[in-house]
Amino acid sequence: MDDITLNALLAALAASPDNLTLRTTIVKLLLDGGKHAPALELATGDQPEILILRARALHALHDQAAALAAYEAAVRGNPTLEDRDLRAQLGTTEKVYDDDGPRLRVLSNDDTDASEVDRLLHPEPTPVTFADVGGLDEVKQQIEKRIILPFQKPALFAKFKKKAGGGILLYGPPGCGKTLLARATAGQCNATFLNVAIEDVLDMYIGESERKLHALFEKARATTPAVLFFDEIEALAGKRQYTREATSSKLVSQFLSEMDGFAKNNSGVLILAASNVPWAIDSAFRRPGRFDRVLFVPPPDRPARSSILKILLAGRPIAADIDTDALAARTSGFSGADLENLVDTAADRAIADSLKAGGEVPIGHAHLVGALGEIKPTTSEWLTTARNYARYANEGGQYDEVLEFLAKHAKK
Ligand SMILES: Nc1ncnc2c1ncn2[C@@H]1O[C@H](COP(=O)(O)OP(=O)(O)OP(=O)(O)O)[C@@H](O)[C@H]1O
Ligand SMILES: [Mg+2]
């Protein structure tokens, strides 16, 4: 750009200093031409579009702290201005080496400090509580009465010769909050949550899986109070007809004897397991002292869906017109995970609209209704299977809760 053009533009800006487009155009031209100081001088005002250019100018002039502040203010004002490359550059620190020899400027982006390493080694306990679980009031009450209370007052229960210890199995259709409930239970008891993925335990070498399993139980004993959670337990506790490897029977005995050990000496460790194929679990796991308490985690009913939607929308930019009750009425058969999917899809649509509009467009009712067309409910298939087991293989009434649920919802 030649000086004549620049002077003409500057004169135009002097005549109408409030012309934001003109101001940003000139600042951009100056920045692109390497004229950082004059650019900074003109980049005044608190509009996000100007602030982001101010950040670029300040960065070029090596004032990282001020540049970062301007960048953050700009993105707060208009999130579509987010620029990850610029942000990464602003996070660097500049080190100047000029002790001897030529001056050397080094940009370093190494922000792994000691606290980060600590965080990796001791992951912060995620404070999930019942407040984060929408609906499921009956299940929460059951957990309160049958799990948390005996866990918190073992002496009282012992006095009345109520057996503490043993494990609880949560079962129900996929995506309806079993894992979430287990986390929340740990949060409610202020206990450490130890989540065990069975795949991590299984090992091809003979004896390795048993050793790992024992180490896990030992770790739980050493970190009381703790909730030891076995997600998707059927991978371990599968009936022989369902498991392929014959070697797993050793692992099963190891698991059962660890559990029996806990039954004798309930030491502040709660054992929870979850499965969405409870009928594939060996009945040996259901004996007294083992997973003798079984809780059905049903698909969310209408009020539960409304509160799950509220939880999922919290903390996102949302419009005032969202009617979660109306959405709950239109999402029969949706699991919590389906609802999460719905909200995510609506968020995608709002982001697309934001980019199109060049400014933040919050998630509105129309985005959610539009997303309804894309998401299909997933619980009915599970319920059909479960009904067959409940009708024809309901040993000891273990699926009575499923039958109750189906009867209640058939009436509606
Ligand atoms: N009651 C609920 N309240 C709030 N969010 C829920 C609820 N149920 C499910 N969700 C949402 O759905 C996601 C999946 O739930 P979760 O992982 O607990 O399901 P699950 O029953 O363990 O499923 P799976 O059988 O597939 O393991 C959660 O991350 C959560 O965001
Ligand atoms: Mg799960």
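Numbers at a glance
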quantity	calculated
Leading residue by the ranking (farthest from Val196 (Cα to Cα)) among those in the stretch 219-237 that are surrounded by 20 or more Cβ atoms within 10 Å (Cβ to Cβ) and more than 16 Å from ligand 2 (Cβ to nearest atom)	Ala226
Filtered residues of the stretch 177-187 (kept if surrounded by 21 or more Cβ atoms within 10 Å (Cβ to Cβ) and more than 9 Å from ligand 2 (Cβ to nearest atom))	Leu181, Arg183, Ala184, Thr185, Ala186
Residue that is away from ligand 2 (no atom under 14 Å from the Cβ) and in the same structural domain as Ser275 (by TED's automatic domain parsing), where the choices are Tyr205, Tyr171	Tyr205
The stretch 311-351, subset away from ligand 2 (no atom under 16 Å from the Cβ) and charged (D, E, K, R), residue surrounded by the fewest Cβ atoms within 10 Å (Cβ to Cβ)	Asp321
Options Phe217, Phe160; residue that is assigned by TED's automatic domain parsing to the domain that holds Ser257 and touching a strand residue (DSSP E or B) at 6+ places or on another chain (Cβ under 9 Å)	Phe217
The stretch 378-401, subset assigned to a loop (DSSP other than H, G, I, E, B) and surrounded by 15 or more Cβ atoms within 10 Å (Cβ to Cβ), residue modelled with the lowest pLDDT	Gln398
Residue under evaluation Val369, criteria (1) among the hydrophobic types (A, V, I, L, M, F, W, C); (2) more than 19 Å from Arg305 (Cα to Cα); (3) assigned to a helix (DSSP H, G or I), criterion not met	(2)
Test: Pro298 is assigned to a loop (DSSP other than H, G, I, E, B) and closer than 26 Å to Ile168 by Cβ	yes
Some residue of the stretch 185-205 being within 24 Å of Gly333 (Cβ to Cβ) and touching a residue at least 12 places away in the same chain (Cβ under 8 Å)	no
Condition met for Ile322 (in a helix (DSSP H, G or I) and within 23 Å of Gly135 (Cα to Cα))	no
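Quick grid of which residues meet (1) under 28 Å from Ala350 (Cβ atoms); (2) assigned to a strand (DSSP E or B); (3) not charged (D, E, K, R):
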{"position": "Ile26", "(1), (2), (3)": "no, no, yes"}
{"position": "Ala39", "(1), (2), (3)": "no, no, yes"}
{"position": "Thr44", "(1), (2), (3)": "no, no, yes"}
{"position": "Leu51", "(1), (2), (3)": "yes, no, yes"}
{"position": "Ala69", "(1), (2), (3)": "yes, no, yes"}
{"position": "Glu72", "(1), (2), (3)": "yes, no, no"}
{"position": "Val75", "(1), (2), (3)": "yes, no, yes"}
{"position": "Asp85", "(1), (2), (3)": "yes, no, no"}
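The values are calculated or read from the model by the stated rules, or taken from the named source; none is laboratory data. Computed from a prediction, not measured in an experiment: that's the story for all the values here. All Cβ positions, glycine included, derive from the backbone under ideal geometry; neighbour counts span all protein chains shown.
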